[in-house]
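Enquirer: First, the structure itself, so that you have it in front of you.
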Amino acid sequence: MDRVVLAWIALFWLTAVAEGLQVTVPDKKKVAMLFQPTVLRCHFSTSSHQPAVVQWKFKSYCQDRMGESLGMSSPRAQSLSKRNLEWDPYLDCLDSRRTVRVVASKQGSTVTLGDFYRGREITIVHDADLQIGKLMWGDSGLYYCIITTPDDLEGKNEDSVELLVLE
């Protein structure tokens with residue numbers, strides 16, 4: 001009987017300690033100015049003792065966001081989003097219908113830029129924050145912070161922030 005109780009206590013303790021990988025982006029939407037620097041923040045916690053691999057991925061909007069800001073959004077998109085309040089016509093579409101690229105990856109202290117971003121002032125600072133030196137027009141979109149650890153496979157390994165670059 002005592003062994004059963006000890007086993008249950010051990011199981012509850014392990015469950016409480018090993019909550020798995022948790023990735024959070026504190027700002028879900030960030031507005032920044034063209035040609036100015038910005039930092040997209042990403043925090044993570046893990047029970048792993050192995051170094052994490054950090055990757056930032058860019059996904060373009062499904063539709064042009066500038067038309068909406070100028071009051072020219074399509075009536076079809078407006079009617080669809082009114083019927084389904086959880087659906088966003090600018091953010092929710094298949095990856096095959098938009099541009100998807102790796103911005104940067106960090107393993108240990110080594111940061112590698114994706115092909116499209118080579119030559120730009122972009123790096124990953126602190127544990128997982130994406131620092132962009134000079135914003136360009138094409139930088140508007142969704143940015144995903146993805147964390148991978150070899151021995152912590154449970155939990156939430158990614159989160160996203162929307163970046164809108166204005167003139």
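Enquirer: Working only within the range 151-167, note down all residues that are in contact with a Pro (Cβ under 9 Å, 6 or more places away or on another chain) and either modelled with pLDDT under 95 or open to solvent by 70 Å² or more (accessible area, probe 1.4 Å) (or both).
Expert: none
Enquirer: Kindly list, by first and then second residue, each pair from a residue in the range 133-151 that is closer than 27 Å to Gln22 by Cα to a residue that is of a type in the set (Asp, Glu), limited to pairs with Cβ atoms under 6 Å and residues at least 6 apart or on different chains.
Expert: Qualifying pairs under 6 Å: Leu142/Glu162; Tyr144/Glu158; Cys145/Asp159; Ile146/Glu158.
Enquirer: Right, here's the next one. Taking only the range 95-144 into account, find how many residues are in contact with a Ser or Thr (Cβ under 7 Å, 6 or more places away or on another chain), part of a loop (DSSP other than H, G, I, E, B) and either open to solvent by less than 50 Å² (accessible area, probe 1.4 Å) or small (Gly, Ala, Ser) (or both).
Expert: Total satisfying the criteria: 2.
Enquirer: So for the range 66-87 (the condition being modelled with pLDDT of 95 or more and of a type in the set (Gly, Ala, Ser)), does at least one residue qualify?
Expert: no
Enquirer: From Ile147, Ile132, grab the single residue that is modelled with pLDDT of 90 or more, out of contact with any Pro (no Cβ under 9 Å at 6 or more places or on another chain) and of a type in the set (Val, Ile, Thr).
Expert: Only one candidate qualifies: Ile147.
The values are calculated or read from the model by the stated rules, or taken from the named source; none is laboratory data. Bear in mind that the values here come from a model prediction, so they are computed numbers and not experimental data. All Cβ positions, even for glycine, are placed from backbone atoms using ideal geometry, and neighbour counts span all protein chains on display. For accessibility, only protein heavy atoms count, side chains too; no ligands or nucleic acids. Shrake-Rupley method; radii C 1.70, N 1.55, O 1.52, S 1.80 Å.
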